[in-house]
Protein chains: 2
Amino acid sequence: MIFGATPEAVRVGIGDDAAVLGVGDASLAWSVDVVVEGVHFRRDWLTPRELGFKATMAAASDLAAMGARPLGALASLVLPASMSDADMASLAEGQAAACTAIGASVIGGNLARGSELSVTTTVLGICDRVLRREGARAGDTLWCAGPLGLAAAGLRALLAGRSEDRALQAAIAAWRQPVARIAEGLRAAALAHAAIDVSDGLSLDAARLLGASLDLVMAPPVSADLGVAARALSVDAQELVLSGGEDYALLVAAPDDATLEGFSRIGRFEKGSGVLWLEQEGERRRIEPRGFDHFAS
Amino acid sequence: MIFGATPEAVRVGIGDDAAVLGVGDASLAWSVDVVVEGVHFRRDWLTPRELGFKATMAAASDLAAMGARPLGALASLVLPASMSDADMASLAEGQAAACTAIGASVIGGNLARGSELSVTTTVLGICDRVLRREGARAGDTLWCAGPLGLAAAGLRALLAGRSEDRALQAAIAAWRQPVARIAEGLRAAALAHAAIDVSDGLSLDAARLLGASLDLVMAPPVSADLGVAARALSVDAQELVLSGGEDYALLVAAPDDATLEGFSRIGRFEKGSGVLWLEQEGERRRIEPRGFDHFAS
């Protein structure tokens, strides 16, 4: 039975931010993410370098959510003939820059021709303690690391052709160059009960931390940059916070008295029935999880 | 320095069949492969189930070439709207069947919309001993597990619209349903000096085992199935063996007296200067490596 050891190696399967494999004493978090031209980006919205950076950070964000330290990345590119060698070199530079920022490197990959540009990134990391989506407890605080809503404002700015608008630069930068919250995830790993990264919007991803017996009462802040961008776009800043995608912020459920550098308190878990509440000026209203479904889009 | 441990973890980087990471005492082989509609396949050539099977086996073949035992696979799909839910379920069935055949399972993945169907598979395995491309020695025998040239004949049959031709069924099956030579790779790992899988054609992949101080003299056989298919296609069977792609046969350089179940002897390494020779009826002629360059195609 040369193959006998495999099934028990899977500690976390489909349904969390990453799969987790047990190898000896180590727990390895492993994830894959793809960005496709015309679906996730347009080439006039990003330089090739920015595309490589963003694709890598989006994949690495899943490691942050598992409390994993990155070991490396493999990149698989589908390249139309319109991508020059110089474009490809720039894309690889962006991937390398993102990997350097998270303490890893691109250690291999694959190239193929195709008519539609796509970048698939697979990342591997190692966990001292595995952070799962499930595990939040009544009484926990919801902590957040990273901006909320700003990337969604940036995407709207680009869709509106307003890439030069000064009031929208912080938002566009947040969309173009997200940051995987690796250091924050490692800090949280020892203390937190549960974690997820915000890729599809706060309300949708926060709801994924809820079991059937918990409610979550949130009062997420609106940053100064987001306020400026939302005014310039004439959209509701709070709506962007709740349903905007591609933040790659990190949410963790942890005790209120935890020391979590780089995180802010944005909500609390209570006994309940899987309901999400928004609290403003002492009043709470029930909200439905909604956001960006990458597959339906 | 939370990130300090990363660079030394990379034992094999870009340029071999898979990257190898050191995690504790374990050596993990990790690879990614993509198949793109219109480049690697057409949808009228394969059922969705066959596509899932073939994409998974193509990726797993890189693990065979490293002498690795598969731990699992992640699948990332880009799906056009023309792929129905039933098509997707069939594709996943094919992936699961391939994983079962190699003793692993699909433990996660990613779905995205796009206009061009592609299947990206990333696989992870564990090596007792890592097989590299370099390491062949003068005096070694070239051993081969798996058919050569047959998948290329199958591709030609499909390109010619002859999917119903009886003489071509074995060839078409070889193209549609390749087999990663995992068990053979594990058997070879203890004994072999070097290994590679044949994805781009025997002459091209065998040449990758040569250093500047080795020659390789080959006398690869033409199987009965290939003889039949080549006659039906009016092509030279030996040409298909030497330059046909997608065999996913396994080549290893090992002593001639090794006991390698499932392998045949098809050549030998001599002191030389990186030259490939074909031996027929006691005569040798020099051949140039040529085959299928997935990226240039």
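The values are calculated or read from the model by the stated rules, or taken from the named source; none is laboratory data. Every value quoted in this text rests on a predicted model; they were computed, and no experiment measured them. Here the Cβ is made from the backbone with ideal geometry for all residues, glycine too, and neighbour counts use every protein chain on show.
Worth pointing out:
- Against the numbered list (1) among the β-branched types (V, I, T); (2) farther than 21 Å from B:L124 by Cβ; (3) at pLDDT below 95, A:V78 comes up short only at (3).
- Looking across B:G125, B:G135, one residue alone is of a type outside the set (D, E) and more than 27 Å from B:V36 (Cα to Cα). It is B:G135.
- Residue within region B:37-56 that is within 22 Å of B:L124 (Cβ to Cβ), within 7 Å of another protein chain (Cβ to nearest Cβ), hydrophobic (A, V, I, L, M, F, W, C) and not in a helix (DSSP H, G or I) present: no
- Count of region B:163-185 residues which are among the charged types (D, E, K, R), assigned to a loop (DSSP other than H, G, I, E, B) and either without any contact (Cβ under 8 Å) to a residue 60 or more places away in the chain or closer than 24 Å to B:D62 by Cα (or both): 2
- For region B:135-157, residues that are assigned to a loop (DSSP other than H, G, I, E, B) and over 17 Å from the mean Cα position of the chain (by Cα) total 6.
- Among residues of region A:222-244, those that are assigned to a loop (DSSP other than H, G, I, E, B), at pLDDT 95 or above and either crowded, with 18+ Cβ neighbours inside 10 Å or not β-branched (V, I, T) (or both), counted: 3
- Of all residues in region B:57-82, those being out of contact with any Leu (no Cβ under 6 Å at 6 or more places or on another chain) and either more than 12 Å from chain A (Cβ to nearest Cβ) or assigned to a helix (DSSP H, G or I) (or both) number 9.
- Subset tally (residues that are out of contact with any strand residue (DSSP E or B) (no Cβ under 8 Å at 6 or more places or on another chain) and either surrounded by fewer than 21 Cβ atoms within 10 Å (Cβ to Cβ) or not in a loop (DSSP other than H, G, I, E, B) (or both)) for region A:201-221: 3
- For region A:265-283, a tally of residues being in a strand (DSSP E or B) and surrounded by 14 or more Cβ atoms within 10 Å (Cβ to Cβ) returns 10.
- Which listed residue, of A:S76, A:S90, A:S61, is of a type in the set (S, T, N, Q) and within 21 Å of B:E116 (Cβ to Cβ): A:S76
- Note on region A:76-122: residues that are surrounded by 23 or more Cβ atoms within 10 Å (Cβ to Cβ) and either of a type in the set (A, V, I, L, M, F, W, C) or farther than 27 Å from B:A58 by Cα (or both) total 11.
- Search result, residues across region B:245-258 that are in contact (Cβ under 8 Å) with a residue 12 or more places away in the chain and surrounded by fewer than 17 Cβ atoms within 10 Å (Cβ to Cβ): B:P255, B:D256
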